[in-house]
Amino acid sequence: QVQLVESGGGLVQAGGSLRLSCAASGSIWFIRTMGWYRQAPGKQRELVATITSGGKPNYSDSVKDRFTISRENARNSVYLQMNSLKPEDTGVYYCDADIRTSIETGDTGYWGQGTQVTDSE
C-alpha cells in the first residue's frame, strides 16, 4: 500500500509565498517522476510542475519563473516553492508520483488527497 500526503497549503495574499510538501510512504521500491497538479473550481485538473528521479524539472508556462519544484529522494518527498502568488493560482493542489513497488512490477501512478491554496487579492 502506497500513500501520498500533502501539506503546506493555506491562505495567502497576492504576491505572497507558500511551500507545499508531499511525502510518499508504504511499499516503495523506486519513484520515477513526481509532480504537482492543481484544480480550480469548475476547471479541469492541470499540470503545474514535474520532476524526474534525476532532478530534471518541467513547468507549465503559467508558473515558470515563479514556482520551483524539488525533491528529496531519501525521504520520498517532493516540494513546491510558490512565489509571487496570483489569484489565478488558487485551487486544490495534488501531488502525483509514478511508483514501482517491487523490482517485478511496472510503475503505477498515485495521487495525494490534495491541499487547498487560496490567494486573496
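Can you give the charge dipole size of the chain about its Cα centre, rounded to the nearest 20 debye, using +1 on the beta carbon of Lys and Arg and -1 on the beta carbon of Asp and Glu? So the dipole magnitude of the chain works out to roughly 180 debye. Only Cα pairs under 8 Å and 6+ residues apart enter the sum, and on that basis the relative contact order of the chain stands at 36 percent. Cβ-Cβ distance of Arg32 and Asp65, R₀ of 22 Å, FRET efficiency by 1/(1 + (r/R0)^6): the value works out to about 0.30.
In plain terms, the C-alpha convex hull of the chain casts an average shadow of 7.1 nm² when viewed from every direction.
Size descriptor for segment 1-47, Kirkwood hydrodynamic radius: 13.2 Å (Cα pairs only, one decimal). Only one residue of Ser62, Pro41, Gln81 has its Cα farthest out toward the positive end of the dipole of the chain, where Lys and Arg carry +1 and Asp and Glu -1 on Cβ, and that residue is Gln81. Extension gain for Glu72-Arg100 works out to 8.4 nm (0.36 nm per residue, less the C-alpha to C-alpha distance). Place a label point 7 angstrom from the Cα of Val5 along the Cα-to-Cβ direction, then list the residues of segment 15-59 whose backbone nitrogen is under 15 Å away. The answer is 21-27, whose backbone nitrogens lie closer than 15 Å to the label point.
Rule-based calculations on the coordinates, nothing more; no lab input. Quick caveat: nothing in here was measured; it's all calculated off a predicted structure. Here the Cβ is made from the backbone with ideal geometry for all residues, glycine too, and neighbour counts use every protein chain on show.
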